[in-house]
Amino acid sequence: MAGLAAGGAARRRGRPFLILERAGRTGGNCVTFAHGPFRFDSGAHRFHEHDREATLQVRRLLSDGLKRVDVPSQVYARGRFVTFPFKAAELAAAFGWRFLLRVAGEMAAARLGRKNRGGDFAARKTRAYGPTLAGSYLLNYSQKLWGLPAGRLSDEIAGNRLRGLNGWGLVRDAFAAAGNPATHLEGAFAYPDGGIGAISDSLAAECGRENVRTGAEVRRVFHENGRIRAVQVNGGEVLACAAVLSSIPLDRFLRLLDPAPPAAVLAAAAFAYRRLALVALFLDRETVSHAATLYFPEPRFPFTRICEPRNRWRGMAPEGRTSLVAEIPFSTGSGIESLAEERLVETVRSTLAGIGLITGNEVLGGCVRRLDDAYPVLDRGVEDRRREVFSYLGRFANLRCIGRNGTFRYLHIHHLLPDAARAVGELLAGEGES
């Protein structure tokens, strides 16, 4: 998506460009898949209207095809689903009033205490939200998602998703009347008709198909005297370039450079990524839940979260039917990448049937889609290593890295679009364009 956004920015400025896409389709990891009459996204994507520039751009691209969705998510805890943002009555029913009061007290104490400074994700979130809430939800879920103990994760992984989740925010959201907005990023968002891939497709159309080459893998990047001079595509063709924007995973981009970077820079770029197996179940049933996303922090569940696509846009499933899409994060070498599709589908089906969310006889079928480089693993010390890498890359005047994997940051759609446009502007300004 970042590359497509950069292409659109270049075209609006009247500058020639070419997008080289390794895959056979555009959109990267922000697409909508079709399986018969069912549609589902490459994850539980949402568009948050927190950046005015990004919001205006998406609304311009989609016209009236972007709708507000105001649906809370839910967390599966102690054998039942609890609405998130939290409500006091549900928390008390699931955990007991003593649990709720303990959480509120711990978070209030944290708010009155010293500001959080330093430390890893586990330490900072335990200080911020107290050991009860952090241990019951945040730390377990984060460890499942990122594949590392929470104590080895950088606090950067939280991004803005927990903004507003503090002592006062919890109390206010817990006791808020129905319909009152929550103070953090769950609950309300914008979503395009046709699925999240409509944004990527519109960006690609804005670029012009003649400016996008799919099945074009960059194999080498040649540089000389502080400038990127050319790239080699598919092992043969060499294309000269005036400037380059790269959304290739940052460590891999470094390994493409010719001449190679110093060994210390390559060592600093020892980055890891989590892959994602999307397991879709298609159901002969009108609806399963009214939640946008169902979260499963407990380690006994193989998936981190499940979404019901028709709760975002009704056209994601035929009338009278629905689907569930489970997300299973994994690392290369875990065995999941080679696990048979049928086994993954059955694992999800039997797990959901085991907690009574579905019944076996309503499952019409299923499928699996695997995504590479879904999440950059932001472990402790990543900031220093990333700084060293960009200190080296900063010597190339006509290069900018963009996107979640191109910058190795946990970015969202409303970050990617304006960031890409700014990168184009910086490169053109460097070439003398005002």
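The values are calculated or read from the model by the stated rules, or taken from the named source; none is laboratory data. Keep in mind the model is a prediction, meaning the values are calculated, not measured. Positions of Cβ are generated from backbone atoms using ideal geometry, with glycine treated the same way; all protein chains shown enter the neighbour counts.
For VAL424, which of the numbered conditions (1) in contact with a helix residue (DSSP H, G or I) (Cβ under 6 Å, 6 or more places away or on another chain); (2) at pLDDT below 95 fails to hold? Every listed condition holds for VAL424 apart from (2). All but one of (1) touching a Lys or Arg at 6+ places or on another chain (Cβ under 8 Å); (2) surrounded by 15 or more Cβ atoms within 10 Å (Cβ to Cβ) hold for ALA93; state the number of the condition that does not hold. The one condition ALA93 does not meet is (2). Remark: pairs (first residue in the range 363-376, within 23 Å of PHE38 (Cα to Cα); second residue surrounded by fewer than 18 Cβ atoms within 10 Å (Cβ to Cβ) and modelled with pLDDT under 95; Cβ separation under 8 Å; 6+ apart in sequence or on different chains) = ARG370/GLU337. Criterion first (part of a loop (DSSP other than H, G, I, E, B), touching a Lys or Arg at 6+ places or on another chain (Cβ under 9 Å) and surrounded by 19 or more Cβ atoms within 10 Å (Cβ to Cβ)) does PHE40 satisfy it? Spelling it out, it is not the case that PHE40 is part of a loop (DSSP other than H, G, I, E, B), touching a Lys or Arg at 6+ places or on another chain (Cβ under 9 Å) and surrounded by 19 or more Cβ atoms within 10 Å (Cβ to Cβ). For the range 299-317, give me each residue that is touching a residue at least 24 places away in the same chain (Cβ under 8 Å), more than 23 Å from GLY36 (Cα to Cα) and either in contact with a strand residue (DSSP E or B) (Cβ under 6 Å, 6 or more places away or on another chain) or surrounded by fewer than 19 Cβ atoms within 10 Å (Cβ to Cβ) (or both). Scanning the range 299-317 gives PRO299, PRO302, PHE303, THR304, ARG305. The set of residues from the range 233-254 being surrounded by 15 or more Cβ atoms within 10 Å (Cβ to Cβ) and either under 21 Å from the mean Cα position of the chain (by Cα) or of a type in the set (D, E, K, R) (or both) comprises LEU245, SER246, SER247, ILE248, PRO249, LEU250, ASP251, ARG252, PHE253.
State whether the residues of the range 179-202 include one that is under 24 Å from the mean Cα position of the chain (by Cα), at pLDDT 95 or above, surrounded by fewer than 18 Cβ atoms within 10 Å (Cβ to Cβ) and in a strand (DSSP E or B). No - not one qualifying residue is present in the range 179-202. For the condition touching a helix residue (DSSP H, G or I) at 6+ places or on another chain (Cβ under 9 Å), at pLDDT 95 or above and of a type in the set (A, V, I, L, M, F, W, C), VAL348 does not qualify.
Within the range 387-422, if we keep just the residues that are without any contact (Cβ under 8 Å) to a residue 60 or more places away in the chain and of a type in the set (D, E, K, R), the residue that is nearest to ARG12 (Cα to Cα) turns out to be ARG422.
Against the numbered list (1) under 30 Å from ARG395 (Cα atoms); (2) surrounded by 18 or more Cβ atoms within 10 Å (Cβ to Cβ), PHE296 comes up short only at (1).
Consider the range 92-106 and keep the residues that are modelled with pLDDT under 80 and of a type in the set (Gly, Ala, Ser). The one that is farthest from PRO131 (Cα to Cα) is ALA93. Within the range 362-414, restricting attention to residues that are polar (S, T, N, Q) and surrounded by fewer than 21 Cβ atoms within 10 Å (Cβ to Cβ), the residue that is farthest from PRO261 (Cα to Cα) is ASN398.
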